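Only one structure is covered here, and it is reproduced in the block below.
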Amino acid sequence: MTYKEIRKNEEICALLKKGNEKLGVLGFTDHSEAHCALVAERAAYILKKFGYSDHEIELAKIAGFMHDIGNVINRSRHAEYGALLANELLKQTDMAMEDRITVVSAIGNHDESTGGAVDIVSAALIIADKTDVRRNRVRNKDKAAFDIHDRVNYAVTEAKLKVDKEKNVIALNLQIDESICTMYDYFDIFLGRMLMCREAAKMLGAKFKLTANGSKVL
């Protein structure tokens with residue numbers, strides 16, 4: 001089972017589509033196939049930069065693409081629901097049991113409320129997911145009706161993730177429009193996720209650094 005095959009799997013894509021539609025009704029930001037594909041590619045980029053094997057990179061991409069399928073059941077505990085769904089789906093493929101368990105574990109541990117990095121695949125997934133902060137993830141078109149999550153995401157005018165293997169640093173550099181949301185609001189929402197990234201980076205033997213408007217935060 002390859003990442004390309006996972007991308008084309010009708011059931012996985014249908015689960016992601018339905019889950020994202022449901023979250024849209026509930027007022028959540030975009031968690032679409034586009035988000036999951038970005039997470040998959042970003043997780044691969046992180047592991048490739050640190051010299052991990054093509055096989056480990058492939059598992060990170062698969063976990064990245066499938067990580068939000070649990071939203072179709074419920075946003076609460078979506079990581080755990082997603083892991084259970086992924087386990088059943090991947091059992092139907094030719095994926096080796098050990099690889100399936102690695103992917104399932106990464107999906108089940110990617111949410112900051114209940115999880116954390118347990119290996120290099122889960123670490124890459126966490127960093128890739130939590131650093132996907134961008135304006136076009138906001139679906140609400142009425143700025144007057146923005147909640148704090150909308151304001152925080154919409155306020156990020158630029159987000160760049162850089163990996164420096166020589167310095168063993170993973171850095172997220174943000175530009176935030178403070179006329180839309182204050183730094184306090186941003187960190188009220190994202191501090192837990194950024195701390196999760198810091199712990200995930202340690203699993204990769206690296207430091208996680210966060211810069212906002214040119215100032216170092218973490």
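FYI, it's all coordinate maths here, none of it is from the lab. If you're wondering where the values come from, they're calculated on a predicted model, not measured in any experiment. Note: ideal-geometry Cβ built from the backbone for every residue, glycine included; neighbour counts use all protein chains shown.
Over 21 Å apart at the Cα level, from the set Lys22/Lys141; Lys17/Lys48; Lys61/Lys162; Lys8/Lys160; Lys130/Lys162; Lys165/Lys216, are Lys17/Lys48; Lys8/Lys160. A Förster radius of 35 Å combined with the Cβ-Cβ distance from Lys143 to Ala14 puts the calculated FRET efficiency at roughly 0.65. Residue exposure proxy: Ser215, Ser122, ordered by other Cβ atoms within 10 angstrom of their Cβ from fewest to most, comes out as Ser215, Ser122.
Rounded to the nearest 500, the 222 nm mean residue ellipticity of the chain from helices alone is -17500 deg cm²/dmol, with -39,500 (n - 2.57) taken per DSSP H run of at least 4 residues.
Could you list Asp185, Asp68, Asp150 so that the one with the fewest beta carbons within 10 Å of its beta carbon is first and the one with the most is last? Mind dumping the intermediate values first?
Working: Asp185 17, Asp68 27, Asp150 21.
Lowest to highest Cβ neighbour count: Asp185, Asp150, Asp68.
Considering only Leu16, Leu59, Leu89, the mean-square fluctuation computed in a Gaussian network model of the chain, springs between alpha carbons under 10 angstrom, is largest for Leu89.
With kT/(6 pi eta Rh) evaluated at 25 °C and eta = 0.890 mPa s, and Rh the Kirkwood radius from Cα pairs, the range 55-169 diffuses with a coefficient of 158 µm²/s according to Stokes-Einstein.
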